[in-house]
1. Looking at (1) at pLDDT 95 or above; (2) among the charged types (D, E, K, R); (3) not in a strand (DSSP E or B), which is the one condition that is false for Glu82?
2. Residue by residue through the stretch 76-109, note down the ones that are under 26 Å from Ser46 (Cα atoms) and touching a Phe, Trp or Tyr at 6+ places or on another chain (Cβ under 6 Å).
3. Output the qualifying pairs, or none if there are none: Cβ atoms under 6 angstrom, residues six or more apart or on different chains, first residue in the stretch 101-112 and part of a loop (DSSP other than H, G, I, E, B), second residue modelled with pLDDT of 80 or more.
4. Which of the residues that make up the stretch 115-130 are out of contact with any helix residue (DSSP H, G or I) (no Cβ under 9 Å at 6 or more places or on another chain) and surrounded by 13 or more Cβ atoms within 10 Å (Cβ to Cβ)?
5. Given the options Asp125, Asp68, name the one that is under 26 Å from Gly13 (Cβ atoms), at pLDDT 95 or above and in a loop (DSSP other than H, G, I, E, B).
6. Give me a count of the residues in the stretch 85-100 that are surrounded by 14 or more Cβ atoms within 10 Å (Cβ to Cβ) and either at positive phi or part of a strand (DSSP E or B) (or both).
7. I'm trying to understand the selection: among the residues of the stretch 91-138, which are more than 19 Å from Asp62 (Cα to Cα), within 14 Å of the chain's Cα centre (by Cα) and of a type in the set (D, E, K, R)?
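The values are calculated or read from the model by the stated rules, or taken from the named source; none is laboratory data. For clarity, every value in this text was computed on a predicted model and none was experimentally measured. All Cβ positions, glycine included, derive from the backbone under ideal geometry; neighbour counts span all protein chains shown.
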Amino acid sequence: MSKDKLTICARCGSDACYEQDMGADYIINLCYGCGFTTNTLMKSGSEFLEEQIEVLPELYKDLIYVDDKGLNWMPSAVNDPEKGMVYAKGPNPENWEWAAVKTLPSKNGKPRMDMENLKSYSERDYMEALEYIGVFKNTK
Ligand SMILES: [Zn+2]
């Protein structure tokens with residue numbers, strides 16, 4: 001039984017925050033309104049969070065939002081070898097966008113990212129960035 005549901009995003013207030021209950025008190029949130037994600041392990045001060053933050057790009061670190069439960073939200077990063085990538089890109093937290101890159105169909109069995117046709121989307125257009133690379137295509 002799926003326990004997935006939509007909730008209100010603690011970061012942006014949108015009602016398109018996807019919540020996935022993985023059991024054992026482990027809950028993952030991904031907001032389709034702002035593209036930010038968190039989970040119950042990403043509590044301020046936790047060892048798990050410290051380890052996550054260590055490997056994050058600077059922009060992701062700077063964009064971290066802590067909600068009133070102490071959960072740390074960070075921009076999501078999609079990396080689907082068959083469809084493409086969506087990730088936060090920009091010089092600083094005041095000036096960033098979603099970058100969407102499609103995977104090119106492979107002729108020799110080696111798909112590659114179509115960096116020349118990288119498209120940028122504003123924070124609120126996260127869904128459009130996902131649509132551009134075709135994330136939702138198989139779900140219909
Ligand atoms: Zn949100």
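1. For Glu82, the failing item is (1).
2. Those that are under 26 Å from Ser46 (Cα atoms) and touching a Phe, Trp or Tyr at 6+ places or on another chain (Cβ under 6 Å): Ala77, Ala88.
3. Final answer for the pair search is Pro111/Thr103.
4. Leu118, Glu123, Arg124, Asp125, Tyr126, Met127, Glu128, Ala129, Leu130
5. It is Asp68.
6. 11
7. Hits for the stretch 91-138 are Asp125, Glu128, Glu131.
Residues are listed down the side, and each one gets a yes or a no for (1) in contact (Cβ under 8 Å) with a residue 40 or more places away in the chain; (2) under 30 Å from Asp114 (Cβ atoms):
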position	(1), (2)
Tyr32	yes, yes
Thr37	no, yes
Leu41	no, no
Ser46	no, no
Lys61	no, yes
Ile64	no, yes
Lys69	yes, no
Trp73	yes, yes
Val78	yes, yes
